[in-house]
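The values are calculated or read from the model by the stated rules, or taken from the named source; none is laboratory data. Keep in mind that what you see is a predicted model, and the values were worked out from it rather than measured. Neighbour counts run over all protein chains shown; Cβ positions are idealised from the backbone, glycine included. Only protein heavy atoms, including side chains, enter the accessible area calculation; ligands, DNA and RNA are left aside. Shrake-Rupley method; radii C 1.70, N 1.55, O 1.52, S 1.80 Å.
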Amino acid sequence: MEIVYKPLDIRNEEQFASIKKLIDADLSEPYSIYVYRYFLNQWPELTYIAVDNKSGTPNIPIGCIVCKMDPHRNVRLRGYIGMLAVESTYRGHGIAKKLVEIAIDKMQREHCDEIMLETEVENSAALNLYEGMGFIRMKRMFRYYLNEGDAFKLILPLTERSCTRSTFLMHGRLAT
Amino acid sequence: MEVDSILGSLSITDDFDQLVDVTSLFDELCSKLKPEAIVKDPRFDLFEGTHSLEVNNSKLDSSLIELTAEEIEFDVNVAYDPPLASVTAIADRLLRCVISWLNDYQTLPTTVLSCRYTESLLSSLVKGTTAGSSWCTGNILYDKVLGSCILGVCYLTKFVQKLLSAGIVFEEEDLNFNNMGFNTFDNLPGQDVVINSLTESLQILEAYSDDSLHLTMLKHILKIIICLVHLEDHLTDYSTKTSHLDELIENANSVNGIFPQLQLSPPKGAFSTYIQKHRSNQFPPRKITKLPTDYSGFITLANDVKTILLVDKAESALETYQFAKFFNKLEQRHVIARILFPLFFIRDDRTVLGKFSYTQFYLLHVKEFSAQTPSEFESSIGNELIQESSNMLLEWYQNCSQNTCRYRQGFNRQLILWDSLQAQFESVNSQVYCSWTYFMKLSSMIEFSLKGFDLDIYKPFEAYSMFWYVYYLSHHLETFLKDSQNDIESNINAIHSMNKKLKKLKAGEKKDQLRLKYRFAMDNEMEQLQATKQFLNYLLKEINITKSLCLIEVFQFAILKSFGLIDNKNSTPSKFSNERLIHNLRFKPFNSIGVPELPEYEVFQQTLKDFVIEEKGAAFDIKLERATNFIETEVRNVVSSIDEIMQGIKGGDNNGVLVTGTRLVQELSLEYYCKLKHTSKALSVNSKVIVNTLKKNIKNKDSHEYKVELVHTTEGWNYFPIQTLRIKQDRYK
């Protein structure tokens, strides 16, 4: 196994399709093509894939992370991890962790004030992964997912702006 | 030829000269598009994306649902045999669909609307519809009895739609009302027509000589539906009558007794995903829900609605306040009851319970808390500020009926509003209003913080900071309550001293005036002063319990840290953030609060250091013993305070010491304090377990084998989880 991490090539339709397939197989939420287009076409630089160079299909992603970043209430720049998936046979090798680290590193370099995501309350693997990186649970959302499970909203603070209520940051609005 | 004429009718114009060929323009624009560019409406955001459907995606396209032959061929105009058993089975399943929809938060299309008869009735409804089914089988059980059952359930559905439109709870979260494009609920006949139809059906069944269980069951079902149709009376007439709710419970219990003896199977295809495939569906396809196996859900509904109606009997603001605090606290009430509560309490005529204007209701709270009558302090305050405070109070009441997650979020929002109100009252030097607002703010801060433990928001490493902070808030609240109590005490003493003065004064005008003043105070103020004093006694006991429990948790954390088992930071440092930022994010809701000021990060660190035992050898053991003894003392104090409160509650606030205001929620409040008591004892046991386990294992040098988890005990109160030692599992074993 030789895992290589690289950014998405949005012009590569085959890559797009395989990312969609990988995530569709893994996530509980059914996402339409619009969700994929929404993320991947608007923030292609915030999607990363993992491929196994030693496998028979070195061009097919075996893991991926899909993110976006935009101003939150016009006062802080929020990075958002929308999707993360690793093919079941490749789990347990730290691939997800590496993908998250690459994505957060990129968003931090892009001056994000915080990184946010939602995950199922029952998904202890995801919670362990993110909480191990410093994310904390900010709130619980009742029956958030289509599978009827509650979700936690997790945030990783990157700057002090993340630690002040939006209302009190209004005077220092972000330039848009 | 026919096809040509149909296609021809689609032509937009016959005059082709008027049309402009845009092909080249289109091609030109397309050539400028980058391959990765997406063309979308600016309003198309992530929310739109995640709610989009996709043709030919089996997870998102309900037209791809595969139906069985029975489902496709099902015909509402056929009287499937045997009619009585079949109609009973259909009506029974429909009622269990109602339970699944309302008690288990399932969707409308997978429950009530999965019934083909419901779909048929709603499809045929036109304005002015009178009772009667839209199908005709020639069998009275299908056409009349089942017809009225469907009509009744649709009427209930319409009522639920009305409740949802009040905006109290959140669609998709608390209640689903995907009506599949049916806008015909408004065409349903009035309540009297629906009840008549159901009553006539009952009469038809009464005439049956059949003594089968199916017949008995069907009669119960009709009676249950009548009760459900009457639910709206609590809103339309603000009725407090509970006879229909009692009947609902009675009939549901009867059905639960019959169930095990009956084999009920509706005709195949009578319930299906047919509606999702054939009607306008803006949601992904969903499988038909697994239904509950009895009618206990209706008993929950009836009991919960009965509970919220009790608020009508409140005789003071204190009682409504305590009612709101307890009615939804121990377990989340049925969604209908949770919506009904604020609508029944805060009425369309802009009154509370039809008795007080919003402002009067607010002033009543301030009066009962301060024992000062509004006239004494009303004039100095602007109406706008009073109005704002009244609205804030009503928002607090409304928040009490939210689902368990929204409840905490509501407090988060309220914190800054209470803080801002307090600052405004301070600026106009209104001590009485200011004090009450401060009390509400501090109570909300404590509730918000501790509720996080119930919702598993905090990780074990955060337990110290959160419990220490609540301890800090409790200390401020305790000081404030003591000051308030002293003020009340002074006022009481001032009145008593008038009497003493009277005895010393010689007869004359001065004495007469003082006597009048004394009489007035005794007749108009003393009772409220005594009640407030006793209520403050109760609040002080309660805040002492919170403070002590927090301190116990803090001590246990410190003991665990002393053994090297835990720290108030993540075990692995974050590559991207740092402990201070993470701490500051956790305390973000409080960092703007004026008083009490949020202590700096360093203060949290220093206080933990003060609690931790850093000594070695015998000195360590001595300090450890001191800490465990302290915990034991605190537990005893907590248990004793809880006992006193419970005695007060059981005695109906008549012991002259405590006023708890829990008359309407006596059982619930007792259950709550029992849970707190259980938690105190569990914490005591935990201390011993921690010390014994770790002392033994420190000698064996394997304390690193343990980790700490926050555990909720089934009988305890979740705001104070037990910091439990667990043996680490090797994930690769």
* Asked: Of B:Asn281, B:Asn251, B:Asn256, which residue is at pLDDT below 95 and either under 26 Å from B:Leu151 (Cβ atoms) or open to solvent by less than 60 Å² (accessible area, probe 1.4 Å) (or both)?
  -> B:Asn281
* Asked: B:Thr633 passes all but one of (1) in a helix (DSSP H, G or I); (2) under 30 Å from A:Thr159 (Cα atoms); (3) not acidic (Asp, Glu); which number fails?
  -> (2)
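Tell me whether segment B:296-309 contains one or more residues that are at pLDDT 95 or above, closer than 27 Å to B:Ile488 by Cβ, polar (S, T, N, Q) and under 25 Å from the mean Cα position of the chain (by Cα). So that I can check it myself, show each step before the final result.
Initially, segment B:296-309 is screened for residues at pLDDT 95 or above, giving B:296-309.
Filter again for closer than 27 Å to B:Ile488 by Cβ, leaving none.
For segment B:296-309, residues at pLDDT 95 or above, closer than 27 Å to B:Ile488 by Cβ, polar (S, T, N, Q) and under 25 Å from the mean Cα position of the chain (by Cα): absent.
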* Mind checking whether some residue in segment B:224-241 is crowded, with 18+ Cβ neighbours inside 10 Å and hydroxyl-bearing (Ser, Thr, Tyr)? -> no
* To do: Spot the failing condition for B:Val76; the list is (1) part of a loop (DSSP other than H, G, I, E, B); (2) in contact with a helix residue (DSSP H, G or I) (Cβ under 8 Å, 6 or more places away or on another chain); (3) within 14 Å of another protein chain (Cβ to nearest Cβ); (4) open to solvent by less than 90 Å² (accessible area, probe 1.4 Å), and only one is missed.
  => (3)
* Asked: Restricting the search to segment A:125-144, which residues are modelled with pLDDT of 95 or more, more than 7 Å from chain B (Cβ to nearest Cβ) and buried (at least 21 other Cβ atoms within 10 Å of the Cβ)?
  -> A:Tyr130, A:Phe135
* Asked: Filtering segment A:1-10 down to residues that are of a type in the set (A, V, I, L, M) and not in a loop (DSSP other than H, G, I, E, B), which residue is farthest from the other protein chains (Cβ to nearest Cβ)?
  -> A:Val4
* For segment B:81-101, indicate whether the set of residues that are within 14 Å of chain A (Cβ to nearest Cβ) and touching a residue at least 12 places away in the same chain (Cβ under 8 Å) is non-empty. => yes
* Which condition number in (1) at negative phi; (2) surrounded by fewer than 15 Cβ atoms within 10 Å (Cβ to Cβ) is the one that B:Gly656 fails? -> (1)
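With the requirement that a residue be of a type in the set (S, T, N, Q) and open to solvent by 30 Å² or more (accessible area, probe 1.4 Å), what does segment A:43-54 give you?
Our first condition is that a residue be of a type in the set (S, T, N, Q); within segment A:43-54, this holds for A:47, A:53.
Selection gives A:Asn53 alone.
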* To do: State which residue is nearest to B:Tyr321 (Cα to Cα) when the search covers only segment B:398-409 and only residues that are touching a Phe, Trp or Tyr at 6+ places or on another chain (Cβ under 8 Å) and in a helix (DSSP H, G or I).
  => B:Asn399
* Does segment B:691-704 contain any residue that is open to solvent by less than 30 Å² (accessible area, probe 1.4 Å) and at pLDDT 95 or above? -> no
* Looking only at segment B:155-176, and only at residues there that are over 19 Å from the mean Cα position of the chain (by Cα) and among the aromatic types (Phe, Trp, Tyr), the one that is surrounded by the most Cβ atoms within 10 Å (Cβ to Cβ) -> B:Tyr155
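Helices (runs of 4 or more DSSP H) wholly in segment B:294-372 with at least 2 residues that are over 27 Å from B:Gln534 (Cβ atoms) - which ones? Break it down into steps so the answer makes sense when it comes.
Working: elements: B:296-309, B:317-326, B:335-345, B:358-370.
Per the criteria, B:296-309, B:335-345.
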* Among the residues of segment B:42-50, is there at least one that is at pLDDT below 95, within 14 Å of chain A (Cβ to nearest Cβ), open to solvent by 90 Å² or more (accessible area, probe 1.4 Å) and part of a helix (DSSP H, G or I)? -> yes
* To do: Those residues that are open to solvent by 60 Å² or more (accessible area, probe 1.4 Å), among the charged types (D, E, K, R) and not in a loop (DSSP other than H, G, I, E, B), I need them from segment B:587-630; list them, please.
  => B:Glu602, B:Lys609, B:Asp610, B:Asp621, B:Lys623, B:Glu625, B:Arg626
* To do: Among the residues of segment B:51-68, count how many are under 24 Å from A:Asn12 (Cα atoms) and open to solvent by 90 Å² or more (accessible area, probe 1.4 Å).
  => 2
* From the options B:Ser449, B:Ser474, residue that is within 14 Å of another protein chain (Cβ to nearest Cβ), within 30 Å of B:Leu385 (Cα to Cα) and among the polar types (S, T, N, Q) -> B:Ser449
* **Residues that are acidic (Asp, Glu), in contact with a Phe, Trp or Tyr (Cβ under 7 Å, 6 or more places away or on another chain) and within 15 Å of B:Ile722 (Cβ to Cβ), drawn from segment B:437-470** => B:Asp454
* Lone unmet requirement of (1) in contact (Cβ under 8 Å) with a residue 12 or more places away in the chain; (2) in a loop (DSSP other than H, G, I, E, B); (3) open to solvent by 70 Å² or more (accessible area, probe 1.4 Å); (4) within 14 Å of another protein chain (Cβ to nearest Cβ) for B:Lys575 -> (1)
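Based on this model, can you work out whether B:Leu262 counts as farther than 30 Å from B:Lys59 by Cβ, surrounded by fewer than 20 Cβ atoms within 10 Å (Cβ to Cβ) and in contact with a Leu (Cβ under 7 Å, 6 or more places away or on another chain)?
Working: farther than 30 Å from B:Lys59 by Cβ: yes; surrounded by fewer than 20 Cβ atoms within 10 Å (Cβ to Cβ): yes; in contact with a Leu (Cβ under 7 Å, 6 or more places away or on another chain): yes.
Yes.
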* Residues that are open to solvent by 40 Å² or more (accessible area, probe 1.4 Å), in a loop (DSSP other than H, G, I, E, B) and at pLDDT 95 or above, drawn from segment A:148-165 -> A:Thr159
* To do: Could you list, in sequence order, all residues of segment B:14-35 that are more than 23 Å from A:Asn12 (Cα to Cα), among the charged types (D, E, K, R) and in a loop (DSSP other than H, G, I, E, B)?
  => B:Asp14, B:Asp15, B:Asp21
* Please enumerate the residues belonging to segment A:60-89 that are over 9 Å from the mean Cα position of the chain (by Cα), away from every other protein chain (no Cβ under 13 Å), open to solvent by 30 Å² or more (accessible area, probe 1.4 Å) and under 20 Å from A:Ile19 (Cα atoms). => A:Ile60, A:Glu87, A:Ser88, A:Thr89
